[in-house]
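Note sheet for the following structure.
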Amino acid sequence: MAKKALLKWGTHSARKNEGVCGYPSTCISFSLVARSDRVNEAFSVDDEVMQTDSIMCQMKLHKPDLYRVGVGWYVHNLPVSTISRLERCHRDTVYRRLESLHRSVAEAFVKNQSVPV
């Protein structure tokens, strides 16, 4: 679930003009067409994308290394070799950070769903 949510968030974030954290300038229910080869379908910006955006904004503050790897992979579609060069770390470290990002996002979704609205 976390990978799918991050992929939708990355596509949404790449299409926005305002930057990565924030909301689109148009209505929340507008449709996006994925620009990546990883997804060949249209999707609507929904609560899941907005929730992922909120989680990633918190990640930027508290775990910036995971945030940078997530933005490189999901927003800019950079290969692991480029991310590792930018982060000045081994490519295995990038893979571990992506796994850690997936776990952190999944845990945040579980916490947010257990809170009554």
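The values are calculated or read from the model by the stated rules, or taken from the named source; none is laboratory data. Every value quoted in this text rests on a predicted model; they were computed, and no experiment measured them. Note that each Cβ is placed from the backbone with ideal geometry, even for glycine, and that neighbours are counted across all protein chains shown. In case anyone asks, the SASA skips ligands and DNA or RNA and just uses the protein heavy atoms, side chains included. Shrake-Rupley method; radii C 1.70, N 1.55, O 1.52, S 1.80 Å.
Brief remarks follow.
- Accessible area in the full protein assembly, largest first, 1.4 Å probe, for LYS60, LYS111: LYS111, LYS60
- ASN112 versus GLU99: modelled label distance in nm, points set 7 Å from Cα along the beta carbon direction: 2.5 nm
- Stokes-Einstein diffusion coefficient of the range 72-115, Kirkwood radius over Cα pairs, 37 °C, 0.692 mPa s, in µm²/s: 286 µm²/s
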